[in-house]
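Q: The structure under discussion is supplied below as structure tokens; questions concerning it will follow.
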């Protein structure tokens with residue numbers, strides 16, 4: 001979402017804009033009436049990107065910048081909202097004329113959403129009466145039965161619009177939960193008429209003592225989710241809920257087959273594979289893992305994703321399932337199946353030196369505008385490869401190398417060779433266990 005701020009005094013009239021997209025944000029700034037300058041920053045998680053964006057906004061408002069909205073944007077938003085409301089009213093009328101209770105549900109739900117005070121209570125009562133009469137028609141028998149359980153809302157949290165579920169978060173709430181199982185809730189929801197217009201689906205842990213998503217992915221593979229745009233498999237905190245490498249995800253290509261309009265796929269956990277991965281609309285892919293199997297990386301390298309613009313893969317450590325090697329990326333370096341890819345994140349990796357050397361010579365590099373190799377074990381070898389091939393990277397807007405092991409004595413040389421695109425940030429120091437060896441670890445492992 002774009003937010004614009006302006007500052008005006010006797011000497012200047014400036015603007016500052018920020019757009020947050022996934023794990024990065026883009027800032028545009030300058031004098032009002034000019035195109036200004038643009039910069040992009042990336043972060044390990046969406047939460048971190050949003051938090052840093054809010055800090056920037058707070059800093060600007062303290063300096064006197066005020067948020068503004070263009071009249072064209074406001075008018076467009078108002079017009080779009082009115083058109084959507086009219087479309088749903090027509091849909092409700094047609095369904096009612098055909099004798100389908102969904103028409104009445106849509107009409108009553110929209111009245112309830114618009115009402116206030118006593119009016120809201122009136123429409124809520126009518127919705128309840130309608131559900132009592134036609135609940136199975138609206139929800140399906142399985143979901144209706146699960147929703148009757150007093151512990152249901154601890155497992156499934158739904159957001160509704162026009163009487164349909166548009167956003168859902170499903171997951172085990174605690175270790176000793178005795179209510180409905182998340183797998184059963186997901187399966188029932190995906191078969192329910194109420195999920196016809198589902199747009200955003202978030203899957204927490206299936207259980208705290210059995211962190212395997214195989215049943216959930218099987219349910220997803222059988223579903224028809226025409227309106228789903230966002231899917232997050234693995235929404236949990238690590239290490240508080242569980243260790244990231246203890247979670248088995250499975251084949252994410254299988255999970256998205258029934259969602260032809262999916263735009264964003266985010267995955268957290270281990271055991272991630274991508275068999276015959278093809279999708280016509282996917283734009284963003286983020287895989288956070290303490291150890292990505294070789295099959296997962298090869299699967300992505302060979303994927304056919306014509307609309308993909310942003311990918312972030314955490315490769316992880318070999319002792320936590322990260323069995324990748326540099327040859328797994330051979331197909332990616334020369335791929336023609338991701339023509340719109342502009343951001344490549346190969347992060348949290350033990351082979352960052354080899355990745356830096358290979359990427360420097362890869363045909364893929366020419367189409368990229370930003371690269372993220374943070375959180376890994378890059379040392380002098382990888383840093384020198386970037387210095388020696390600096391001209392191949394000069395078109396990039398951002399090259400992120402934070403949280404590696406790049407020796408301090410190379411920082412100045414790197415900054416001189418690579419310029420303002422370089423984000424080197426804080427670097428780690430190897431562990432010394434007193435056995436004569438130094439140990440280098442990725443930021444996220446177990």
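Readers should treat all values here as calculations from the given coordinates under stated rules, not as data from a laboratory. Fair warning: this is a prediction, and the values are worked out from it, not measured in the lab. As a convention, Cβ positions derive from the backbone with ideal geometry for all residues, glycine included, and neighbour counts pool all protein chains shown.
Q: What ranking do 378-388, 421-431 get when scored by the average of other Cβ atoms within 10 Å per residue, highest first?
A: With the highest mean Cβ count within 10 Å placed first, the list reads 378-388, 421-431.
Q: From Cα coordinates alone, what are the radius of gyration and Dmax values for the range 2-68 in angstrom?
A: Looking at the range 2-68, its Cα Rg and Dmax stand at 12.3, 41 Å.
Q: Subtracting the Cα-Cα distance from 0.36 nm times the residue separation, let me have the gained length for residue 133 to residue 54 in nm, one decimal.
A: Numbers: separation 79, 0.36 × 79 = 28.44 nm, distance 4.68 nm.
So the extension gain works out to 23.8 nm.
Q: Using just the C-alpha positions of the range 124-183 as equal point scatterers, what log10 of I(q)/I(0) does the Debye formula give at each q in 0.12, 0.13, 0.21, 0.31 1/Å?
A: -0.32, -0.38, -0.91, -1.36
Q: Does anyone have the angle between helix 118-139 and the longest principal axis of the chain? Alpha-carbon axes, 0 to 90°, nearest 10?
A: It is inclined by approximately 90 degrees.
Q: Sticking with this structure for a sec: Who wins for biggest fluctuation among 45, 19, 61 in a Gaussian network model of the chain, springs between alpha carbons below 10 Å?
A: Highest fluctuation of the listed residues: 61.
Q: Kirkwood-based Rg over Rh for the range 212-355 (C-alpha set), two decimals? Don't skip to the end; give the middle numbers.
A: Working: Rg = 14.3 Å, Rh = 15.1 Å.
Looking at the range 212-355, the ratio lands at 0.95.
Q: Still on this structure, please answer the following. Expressed as an acute angle from 0 to 90° and rounded to the nearest 10, what is the orientation of the C-alpha long axis of helix 182-191 relative to the principal long axis of the chain?
A: 60 degrees
Q: If you don't mind, another one. So how do 87, 286 line up by other beta-carbon neighbours within 10 Å, fewest first?
A: Ordered by Cβ neighbours within 10 Å, fewest first: 87, 286.
Q: Highest first, please rank the peptides 267-273, 357-363, 173-179 by the mean number of other Cβ atoms sitting within 10 Å of their residues.
A: So the order, starting with the most tightly packed, is 267-273, 357-363, 173-179.
Q: How large is the Kirkwood hydrodynamic radius of the range 342-446, counting all unique pairs of alpha carbons, in Å?
A: Here the Kirkwood hydrodynamic radius works out to 13.8 Å.
Q: Just to check, using Stokes-Einstein with a Kirkwood Rh over alpha carbon pairs, what's the diffusion coefficient of the range 128-226 at 4 °C and 1.567 mPa s in µm²/s?
A: 95 µm²/s
Q: Measure nothing fancy, just the Cα-based angle from helix 101-114's long axis to the longest principal axis of the chain, in degrees from 0 to 90, nearest 10.
A: 70 degrees
Q: Enter the mean projected area of the convex hull around the alpha-carbon atoms of the chain, in nm², rounded to one decimal.
A: 26.4 nm²
Q: List, largest first, the extents of the alpha carbons of the range 151-302 along their principal axes, each in whole Å.
A: Sorted from largest, the Cα extents of the range 151-302 read 41, 36, 20 Å.
Q: Convex hull volume of the Cα atoms in the range 319-404, per residue, in Å³?
A: 92 Å³
Q: Given the options 222, 116, 154, state which has the largest fluctuation in a GNM of the chain using a 10 Å cut-off (strictly under) for Cα springs.
A: 116
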